[in-house]
1. Obtain the radius of gyration and the Kirkwood radius of the range 297-414 from its C-alpha atoms and give Rg over Rh.
2. What ranking, highest mean first, results for peptides 177-183, 358-364 when packing means the other Cβ atoms within 10 Å averaged over each residue?
3. Considering Cα pairs under 8 angstrom that are at least six residues apart, work out the relative contact order of the range 3-156 and quote it in whole percent.
4. Any idea what the relative contact order of the chain is, in percent, if you count C-alpha pairs under 8 Å spaced at least 6 apart?
5. With the full set of protein chains in place, find how many percent of the accessible area of the chain is carbon and sulfur; take the probe as 1.4 Å.
6. As an exercise, identify the GluC sites (Glu not before Pro) in the range 74-141 lying in DSSP coil whose Cβ has no more than 16 other Cβ atoms within 10 Å.
7. Inverting the mean 1/r over all pairs of different Cα atoms, compute the Kirkwood radius of the range 3-156 and quote it in Å.
8. Which trypsin sites (Lys or Arg not before Pro) from the range 412-511 combine a DSSP loop assignment with at most 14 other Cβ atoms within 10 Å?
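The values are calculated or read from the model by the stated rules, or taken from the named source; none is laboratory data. This structure is a prediction, so every number in the text was calculated from the model and none was measured. Cβ: placed from backbone, ideal geometry, glycine included. Neighbour counts: every protein chain shown. Areas reflect the complete protein model, heavy atoms only, side chains present, ligands, DNA and RNA absent. Shrake-Rupley method; radii C 1.70, N 1.55, O 1.52, S 1.80 Å.
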Amino acid sequence: MDLDAITKHSASHAKPDGLILQYGTAGFRTKADRLDHVMFRMGLLAVLRSKQTKSTIGVMVTASHNPEDDNGVKLVDPLGEMLAPSWEEHATHLANAEEQDLARALVAISEEAAVNLHQDAFVVIGRDTRPSSEKLSESVIDGVTVLGGQFHDYGLLTTPQLHYMVCCRNTGGQYGEATIDGYYHKLSTAFVELSKQASCSGDDHRTLKVDCANGIGALKLKEMKHYLPQGLSVQLFNDGTKKLNHFCGADFVKSHQKPPEGIEMKANERCCSFDGDADRIIYYYCDVDGHFHLIDGDKIATLISSFLKELLLEIGESLTVGVVQTAYANGSSTRYLEEVMKVPVYCTKTGVKHLHHKAQEFDLGVYFEANGHGTVLFSKAAEAKIRQLAKELEDKKGKAAKMLENVIDLFNQATGDAISDMLVIEAILALKGLTIQQWDALYTDLPNRQLKVKVADRQVISTTDAERQVVKPPGLQEAINDLVKKYKLSRAFVRPSGTEDVVRVYAEADSQENADSLAYEVSLAVFQQAGGVGERPQPGF
């Protein structure tokens with residue numbers, strides 16, 4: 001490790017004085033003009049991680065659903081999964097080291113992680129369509145090369161596509177071919193094969209309108225349209241000609257519970273939105289009366305898990321199925337899964353890495369955050385069993401086993417993938433002959449409201465029970481409990497933000513008026529007992 005060369009290169013990627021950043025669930029995110037030093041250092045860290053694991057490591061330059069002026073970076077571990085927690089700590093330490101301490105920080109990480117510095121290293125890099133992304137990718141490459149690593153720059157990719165490339169390279173091609181054509185071919189072939197299994201495919205010609213958030217998903221879905229059968233017509237809106245994530249995209253639709261700008265919607269048309277890096281998907285439609293209906297990650301998980309359970313019952317295999325949610329999941333979805341579908345549901349802390357980890361405990365683990373980020377994980381044993389049954393079984397059982405095999409190939413199991421999830425959903429709707437209204441009618445969401453309260457220090461809030469109960473400050477949970485008792489079918493919880501000094505408040509109840517009132521009253525309790533700053537919460541927000 002040539003520390004002098006690293007120090008020299010680092011001088012052209014100097015860290016702003018006093019800037020402190022935290023590697024969170026989605027890596028580092030902030031204004032793009034503050035990230036040059038972080039990108040260079042994550043290139044360095046990716047090389048160390050590659051040497052330690054003797055594997056290809058991925059670096060993705062994106063800020064997902066954040067505004068266009070932001071950017072971010074995250075590292076992808078060998079099987080396409082998120083960076084190991086111990087290395088998240090290394091990333092934070094390295095990003096925040098002052099210039100004069102950078103060399104010592106690298107040596108400390110190398111020693112603590114027992115990195116063989118003589119081992120070869122290979123890093124793959126992808127980026128989204130933000131104006132800042134290309135330059136920041138070059139900073140990553142500078143970090144990789146100065147530490148002697150080899151790299152392949154894939155250029156413009158969705159975040160899930162980079163996860164796919166990493167997994168393909170580290171499984172010797174068993175997961176798929178590590179090219180963009182390999183990705184399109186794997187998903188489209190599985191989609192065609194799964195759709196063929198339908199005895200009644202509903203409409204002969206199905207149309208889906210897709211809001212691409214003016215992001216990378218537009219570019220990649222345009223490329224993939226040529227691989228899809230004529231039976232599915234995908235119409236793209238917000239296709240990159242306007243500002244990224246501006247009044248559009250999955251996060252906007254979910255947060256505001258209204259259609260994005262830039263999409264033409266007719267009554268009962270099936271529509272969906274990606275986020276900026278295409279790892280989230282939300283469905284929605286407007287009914288004949290013009291009312292907007294949101295179909296979020298909860299209903300996506302319900303559709304998929306019930307379909308998978310039906311197939312497992314058909315083949316007669318007692319594989320374990322679990323649905324993993326967070327406290328933000330609507331209470332109606334949890335009740336429907338547990339009481340109607342008889343599917344066990346588990347709750348974890350917010351953050352996809354927590355859901356992903358829990359889902360790995362089952363033969364088939366289904367997880368979706370309410371924001372639309374999710375996937376299905378098949379254990380190696382379950383995948384092997386299903387593929388074996390697909391070869392051996394005949395008639396209805398064989399057909400069900402082949403359909404499960406197609407689902408395995410359709411899901412990007414490394415991470416949530418809006419394109420992959422979209423194809424699975426479209427296939428299931430066709431196979432079951434469901435309209436979007438029928439899907440929506442599986443259960444009725446309880447009205448809910450999300451608010452946030454500015455506080456002087458978010459760390460005064462501490463939670464337990466998957467963030468559903470407040471431990472401190474003392475008395476706050478008791479106050480929330482008393483407020484919840486005032487309303488029917490109600491619940492509420494609060495949690496500190498992972499990135500800013502705000503406390504997030506969630507409330508649901510039997511009516512929107514009651515949900516709004518409960519959210520306001522809980523917000524006021526947080527403001528009063530957790531050091532609120534600025535304007536006090538007001539009724540009507």
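1. Working: Rg = 13.9 Å, Rh = 14.2 Å.
Rg divided by Rh gives 0.97.
2. Numbers: 177-183: 17.1, 358-364: 20.1.
Top to bottom by mean Cβ count within 10 Å: 358-364, 177-183.
3. On the way: 276 pairs, mean separation 51.2, N = 154.
So the answer I get is 33 percent.
4. Details: 1148 pairs, mean separation 61.9, N = 541.
Result for the chain is 11 percent.
5. Values: 10570 of 22070 Å².
Here carbon and sulfur together make up 48 percent of the probe-accessible area.
6. Glu98
7. Working: mean 1/r = 0.0668 Å⁻¹.
Every distinct Cα pair counted, the radius reaches 15.0 Å.
8. Numbers: sites: Lys432, Arg449, Lys452, Lys454, Arg458, Arg468, Lys485, Lys486, Lys488, Arg491, Arg504; in loops: Arg468, Lys485, Lys486, Lys488.
Qualifying residues, ordered by number: Lys485, Lys486, Lys488.
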